[in-house]
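Engineer: Structure below; questions to follow.
Since every read-out is calculated from the coordinates, none of them should be taken as a lab result. Remember, it's a predicted structure, so these values are computed and weren't measured experimentally. Here the Cβ is made from the backbone with ideal geometry for all residues, glycine too, and neighbour counts use every protein chain on show.
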């Protein structure tokens, strides 16, 4: 009798585990605070309207797949309960004096199938898209009217994650032999030939400094303890290069756009205007920068250009 009760208890526990696997989590109230996003990598090598339609289609396809999976969330629970019912048949036969394990084996097989299906449904659920996805779409939408007719954007949108091993730019050890990793995530790279003949290159980069986990001996107990990774800092960089059309513009420096100037969330960290090229780096201490701030920096850079007389 004790064995049967123990078996029933395990079955109930597994049922609740399965239930929480199939249960859909409510959406986060603050989408910007969510860190686990759907990994996305897009090559931006097409006409603006085609890129924008492709981005909308990707979101729609992901949402359609997730909706289809949500309709079947109850199926693993039904399969699990069916397996439990088969096991009860063997229990009834045993109570009547007939030893049987066939229905129990079938029930265990159904339990395994239920967990496999629940895992597949859970894996198919899409995470939210990063705010940078919509931000990039807004930037492309705004710049599309400035492109030279019949030309395309060139570049990429990389939202696969800022702290991947492949994005470690360098590592350094401190005096205590603790390793700090410096990540460089170029999440947006864009090149466009503009209507006025200028060539625009934009690179949005997130830089993250994180100390890796390490072992440290406790001063009180003397035992070795693992210290978790620690974020040491993060900032955003916007690198812009404008190859100026010499037949239309000349570069005239001014006080409104100079090194050290604050423009929205950015500060101009470096600026050169040699050889007919405007080259500057703007930095921001914020983890996320809205598209209007990026566009404002690009718009402000045009204050350096003076149209030549016809």
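Engineer: Taking 0.36 nm per intervening residue step and subtracting the Cα-Cα distance, what contour gain separates residue 92 from residue 258 on full extension?
Structural biologist: 51.2 nm
Engineer: Could I ask something else about it? Can you tell me the alpha carbon radius of gyration of segment 131-307 divided by the globular rule-of-thumb value 2.2 N^0.38 Å?
Structural biologist: Compactness ratio reported: 1.30.
Engineer: Next question. Going highest first, how would you order 76-86, 260-270 by mean Cβ packing within 10 Å?
Structural biologist: So the order, starting with the most tightly packed, is 76-86, 260-270.
Engineer: Sticking with this one: Any chance you could get the radius of gyration and Dmax over the Cα atoms of segment 173-224, in Å?
Structural biologist: Values for segment 173-224 (Cα only, Rg and Dmax): 21.6, 70 Å.
Engineer: Residue 174 versus residue 196, label points 7 Å from Cα toward the beta carbon: distance in nm?
Structural biologist: A separation of 4.8 nm, rounded to one decimal place.
Engineer: May I pose another question? Pairs of Cα atoms under 8 Å, at least six residues apart: use those to get the relative contact order of segment 166-310, whole percent.
Structural biologist: The value is 19 percent.
Engineer: Computed FRET efficiency, Cβ-Cβ of residue 164 and residue 230, R0 25 Å: what is it to the nearest 0.05?
Structural biologist: 0.85
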